[in-house]
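In what follows, a structure is listed as structure tokens, so that the remarks can point back to it.
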Amino acid sequence: MRAVPVLVVGTGFGCRIHVPALRAAGFEVVGLVATNPGKLEKRAGQAGVARWFTDLDEAISATRAETVTIATPPATHAALTLRAIARGCHVLCEKPFAFDAGQAQAMLDAAERAGVVHMVAHEFRWLPDRALFGRAIADGLIGEPRLLAMDQFIPFCADPATPLPRWWFDPAAGGGWLGAGGSHLIDQIRAWLGDFASLSGRLLLVSEREADCEDSYSLRFMLESGVEGSMQQSAGAWGPMTTLWRCVGTRGTVWSEGGEVRIADRNGTRTLPVPDDLRLPLPPPAQDGAARLSHFEIGPFTRLAEALHAAITGRTACAPVAVPTFADGLAAMRILDAIRASSAAGGALVRP
């Protein structure tokens, strides 16, 4: 494979996940870009990246990068993406895709006009249990899907003393748990069952953390397919992480439990085997602190980076899931905007 030169913008998630995943997928990381020179130089050294820059235009010119990946706070995504596209670069942008749907539309329009490869970092589509959950529905194993419930309780934000990315609780930066965590689940619902027709949502702060953004949300929705759904997610819940995802169809039910996907129907209950095409690369050892989730995140991100590399080099992508593009980023932002509008109106019914 040709080593495609890529710049990574952002030194947090960018260094921890983007850099190793891009390298594993056949990219050459030719530079890091960020705003803090001291931290930038240190992180570049730790990541084994020879060059670093505080200006994206300068970085593209100096390295002749063909691709830019963006791992910065959401409010910065549009400006960075548009600058990279204007220089003819392919772009992979983190989620939440933009500050709002207006910015997201401008990003998609620019990418399509320029004819560059564009993807949004909804890498969790490649997680085996999520991909297998969707495949079970698509293969008709539960008949016609009618009802979806998704509930998740996570202790990330429960203790106000826990250090977290600053943008998570900064409204001006596009913060809030709806974007930080909910954007992945919104995308997953769309990938499994299609687009949203209407919704009613509330944003909540349940922890003692002093913040102007939510750490939890509650949502009811109707999909265009007619599937009714509900979703509650809290990152401020003390106790062990708990997840329940269940889709009820006319002939059966599919759910995820402990990383396994199970089906129940008139023939009983069974666990679905993970097929070879859904298996991920072996993860690095789990670590403590800020890197504690690397072993969970890097495998699916490597698969996303492989799809990006294939699209750039003109090879046929063999992705077992639909590859998320800027169009998916825009669709998710419209839904996030609708949830925020509904919450501001006391949970009023809104059509995205």
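Read the figures in this text as sums done on the coordinates, not as results from a lab. Quick caveat, the model's predicted, so the values are computed rather than measured. A quick note on method: Cβ atoms are made from the backbone with ideal geometry, for glycine too, and the neighbour counts reach across all protein chains shown.
Taking T316, T67, T271 as the candidate residues, the one with maximal mean-square fluctuation in a Gaussian network model of the chain, Cα springs under 10 Å, is T316. What do you get for the angle between helix 183-193 and the principal long axis of the chain? Use alpha-carbon atoms, 0 to 90 degrees, nearest ten. It works out to around 60 degrees. Centroid-to-centroid, using Cα positions, region 240-280 and region 36-93 are 40 Å apart. Computed about the Cα centre, the dipole magnitude for region 118-201 is approximately 80 debye when only Lys and Arg (+1) and Asp and Glu (-1) carry charge, each at its Cβ.
The packing ranking of peptides 228-237, 306-315, 152-161, highest mean first, is 228-237, 306-315, 152-161, where packing means the average number of other beta carbon atoms within 10 angstrom of each residue. For the chain, the longest principal axis of the C-alpha atoms and the axis of helix 77-86 are separated by about 50°. The loop-placed chymotrypsin sites (Phe, Trp or Tyr not before Pro) in region 230-286, going by DSSP, that have at most 13 neighbouring Cβ atoms within 10 Å of their Cβ come out as W238.
Structural descriptor for region 290-352: relative contact order 18 percent, calculated from alpha carbon pairs under 8 angstrom and at least 6 residues apart. Among 37-45, 335-343, 181-189, the peptide with the highest mean count of other Cβ atoms within 10 Å heads the list, and the full ranking is 181-189, 335-343, 37-45. Only Lys, Arg, Asp and Glu carry charge here, each on its Cβ (+1 for the first two, -1 for the last two); on that basis the chain has a dipole of about 480 debye about its Cα centre.
For the chain, the longest principal axis of the Cα atoms and the long axis of helix 128-138 meet at an angle of about 50 degrees.
Most mobile of D276, D170, D212 per a Gaussian network model of the chain (Cα springs, under 10 Å)? Highest fluctuation among the options: D276. Using the rule -39500 (n - 2.57) for each DSSP H run of four or more residues, divided by the residues of the chain, the 222 nm mean residue ellipticity is -9500 deg cm²/dmol.
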